[in-house]
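> Below: one structure in structure tokens.
The values are calculated or read from the model by the stated rules, or taken from the named source; none is laboratory data. Worth saying up front: this structure is predicted, and the values here are computed from it rather than measured. Note: ideal-geometry Cβ built from the backbone for every residue, glycine included; neighbour counts use all protein chains shown. Side chains are part of the model used for accessible areas, which takes the heavy atoms of the whole protein and leaves out ligands, DNA and RNA. Shrake-Rupley method; radii C 1.70, N 1.55, O 1.52, S 1.80 Å.
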Amino acid sequence: MNKRVRLIAKFPTIAAWVFRHSRGLPYVFPRNDLDYIGNFVNMTFEIGGRHEPNPVLQRALEILLVLHADHEQNCSTSAVRGVASSRVDPYSAIAAGVAALYGPLHGGANEAVLKMLDRIGSVENIPAFLE
């Protein structure tokens with residue numbers, strides 16, 4: 001199987017395991033009866049017993065991931081494409097994208113938005129915040 005396909009197939013497992021490790025939870029292995037997003041949700045959120053993903057939330061996550069994938073040529077995408085153009089292995093190219101995403105002007109920008117929303121607190125505080 002193509003290395004790129006295998007790498008993309010591993011993303012949900014890696015992301016879910018990083019999430020669970022950061023919270024001291026045991027790892028949950030993929031299930032053959034679930035699809036790509038269903039496995040990600042299951043591996044991320046299963047706590048004791050069998051977790052069945054909510055189809056509405058699963059579809060929303062699928063749409064969100066498609067929108068992110070289709071969202072222009074951002075910094076990390078440019079890094080991956082630039083490094084991959086030198087014909088390195090896919091893992092090195094992805095590592096370049098992750099390094100770019102780590103920067104405060106790319107992935108860090110999303111974190112800054114979340115902090116800003118916390119500072120605003122509620123809808124009635126928006127005018128004062130904008131002032």
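> Just how far, in whole angstrom, is region 1-21 from region 52-131 if you go by their alpha carbon centroids?
17 Å
> Further, regarding this structure: Counting only protein heavy atoms and a 1.4 Å probe, tell me what percentage of the chain's accessible area is made up of carbon and sulfur.
C and S fraction of accessible area: 64 percent.
> Related question: Counting only the backbone N, which residues of region 94-124 are under 17 Å from the spot 7 Å out from the Cα of residue 131 toward its beta-carbon?
Under 17 Å, as judged by backbone N against the label point of residue 131, lie 120-124 of region 94-124.
> Given R₀ = 25 Å, what would the calculated FRET efficiency be for residue 17 paired with residue 117, taking r from the Cβ atoms and rounding to 0.05?
For R0 = 25 Å, the calculated efficiency reads 0.35.
> Using the heavy atoms of the protein chains alone and a 1.4 angstrom probe, what is the accessible area of the chain per residue in square angstrom?
76 Å²
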